[in-house]
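Novice: If you scroll down you'll find the structure; I have some questions about it.
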C-alpha cells in the first residue's frame with residue numbers, strides 16, 4: 001500500500017520504524033512543527049521527523065488542515081491509507097475521507113477506557129492492572145472509532161510510565177504489522193465502542209505532581225510511577241522542592257503524622273502516609289541529577305522526624 005504516516009513522539013517513531021521494514025511505501029510523513037527544546041530552547045525536529053529524514057521521506061508539518069493548500073497537498077500523495085500514532089492534531093472529516101481506506105489510529109489503551117492525551121499515565125495512576133493497544137478506524141470524535149484490533153498488556157506494581165510506554169510502543173508496532181495484511185477484512189468487522197463505558201485521560205498537569213501525604217501509600221506510589229518521567233512527583237522539605245523518581249510500598253502501621261520521616265538508611269527514606277508508608281529509593285534535589293536515596297542522604301541533613309509537604 002501507499003501509506004501516509006502521521007505521528008510525532010518516540011512512541012510513534014517506533015511504529016514508523018517497523019513500517020519501514022515492510023514492503024509498503026511510506027509516501028509522506030506528517031508531524032508537528034519543530035518545537036523549542038533543551039536549555040537553549042533550540043528548534044528541534046520530532047523523533048518521527050528525524051527518522052523520516054534519515055530515510056528521505058517527504059515531511060509535512062502543517063499547523064492545521066485549514067491552511068491554504070494543506071488538503072490539496074494531502075490528496076496529491078494518493079495514499080491508500082493514513083496511519084496515525086500520537087500525532088497531536090485532531091483530523092477533520094475531509095482528511096479522514098482522503099485515503100482510499102481511510103485513517104487508522106494506534107491508541108495506547110483498551111478503548112473505550114482512557115480516550116485522550118495521557119492514557120498510559122492515567123492507567124497507572126488509577127491503579128489499573130491491565131492495559132494494551134487498540135487499532136481503530138478514525139472518526140471525527142476523539143478516539144471514538146470502531147476497534148479493528150487490540151492487544152493486552154499487564155501493568156505491574158513497579159511499572160513507571162516510561163517502562164509501560166516502551167512496552168506499549170513495541171506492542172503497538174507489532175499489532176499493526178499483523179493487522180495490515182488483513183486490514184480490509186478487519187475493517188468490515190470492526191467492533192463499535194461502548195461509549196457509555198468511556199473514560200477520559202486528560203493531559204497531565206504540573207500541578208498534579210505535588211504529593212498529598214494524607215493520601216494512602218498505595219495512591220502515592222501510583223502517583224510516583226505514573227509521573228515518571230514527567231512531571232515527576234514532588235514534595236517540599238524546608239525551603240526545598242524534592243522530586244521523587246522511585247518508591248516502594250511499605251505495609252506498616254505507624255502513629256506519626258502523615259509526611260513525617262519515620263526511618264532513613266541504606267535502603268531508602270521511609271515516609272508516613274495517610275495509610276501505610278512509602279520508601280523512597282531515588283530522589284532529586286534542585287539543580288542536581290536524580291540519585292539514590294543513600295547518595296542524597298550523604299549530601300543533606302534530612303533526618304528522622306523531619307516533615308515533608
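Novice: Let me spell it out: the conditions are (1) assigned by TED's automatic domain parsing to the domain that holds residue 107; (2) more than 21 Å from residue 86 (Cα to Cα); (3) surrounded by 15 or more Cβ atoms within 10 Å (Cβ to Cβ); (4) within 25 Å of the chain's Cα centre (by Cα), and residue 186 meets all of them except one. Which number is the exception?
Specialist: (4)
Novice: Which residue, of 62, 99, is buried (at least 22 other Cβ atoms within 10 Å of the Cβ) and in contact with a strand residue (DSSP E or B) (Cβ under 9 Å, 6 or more places away or on another chain)?
Specialist: Working: 62 fails: buried (at least 22 other Cβ atoms within 10 Å of the Cβ).
Among 62, 99, only 99 is buried (at least 22 other Cβ atoms within 10 Å of the Cβ) and in contact with a strand residue (DSSP E or B) (Cβ under 9 Å, 6 or more places away or on another chain).
Novice: Next up: Is it true that some residue in the range 283-299 is in a strand (DSSP E or B) and touching a helix residue (DSSP H, G or I) at 6+ places or on another chain (Cβ under 7 Å)?
Specialist: Yes: one or more hits.
Novice: Given the range 24-111, what strands (runs of 3 or more DSSP E) lie entirely inside it while holding 1 or more residues that are without any contact (Cβ under 8 Å) to a residue 40 or more places away in the chain and under 27 Å from residue 144 (Cβ atoms)? Give the derivation first.
Specialist: Values: elements: 25-30, 35-37, 42-44, 81-85, 103-107.
Output list reads 25-30, 103-107.
Novice: Could you list, in sequence order, the residues of the range 112-126 that are in a loop (DSSP other than H, G, I, E, B) and closer than 24 Å to residue 220 by Cβ?
Specialist: Once the filter is applied, which keeps residues that are in a loop (DSSP other than H, G, I, E, B) and closer than 24 Å to residue 220 by Cβ, the range 112-126 yields 113, 114, 117, 118, 126.
Novice: Of the residues 12, 37, only one is surrounded by 16 or more Cβ atoms within 10 Å (Cβ to Cβ) and either assigned by TED's automatic domain parsing to the domain that holds residue 183 or modelled with pLDDT of 95 or more (or both); which?
Specialist: Exactly one residue qualifies, and that residue is 12.
Novice: So, one more: Within the range 2-9, can one find any residue that is assigned to a loop (DSSP other than H, G, I, E, B) and in the same structural domain as residue 99 (by TED's automatic domain parsing)?
Specialist: Yes - at least one qualifying residue is present in the range 2-9.
Novice: I've got another one for you. Has the range 232-253 got at least one residue that is within 30 Å of the chain's Cα centre (by Cα), without any contact (Cβ under 8 Å) to a residue 24 or more places away in the chain and part of a strand (DSSP E or B)?
Specialist: Checking the range 232-253: not a single residue is within 30 Å of the chain's Cα centre (by Cα), without any contact (Cβ under 8 Å) to a residue 24 or more places away in the chain and part of a strand (DSSP E or B).
Novice: Report, by residue number, each residue of the range 169-203 that is touching a helix residue (DSSP H, G or I) at 6+ places or on another chain (Cβ under 8 Å) and without any contact (Cβ under 8 Å) to a residue 40 or more places away in the chain.
Specialist: Selection gives 186 alone.
Novice: Any idea which of 192, 216, 181 is surrounded by fewer than 18 Cβ atoms within 10 Å (Cβ to Cβ), within 28 Å of the chain's Cα centre (by Cα), over 18 Å from residue 307 (Cβ atoms) and not assigned by TED's automatic domain parsing to the domain that holds residue 129?
Specialist: Values: 192 fails: not assigned by TED's automatic domain parsing to the domain that holds residue 129; 181 fails: not assigned by TED's automatic domain parsing to the domain that holds residue 129.
Going through 192, 216, 181 in turn, the sole match is 216.
The values are calculated or read from the model by the stated rules, or taken from the named source; none is laboratory data. These numbers come from a predicted model, not from an experiment. Please note: Cβ atoms are built from the backbone with ideal geometry, for glycine as well, and neighbour counts cover all protein chains shown.
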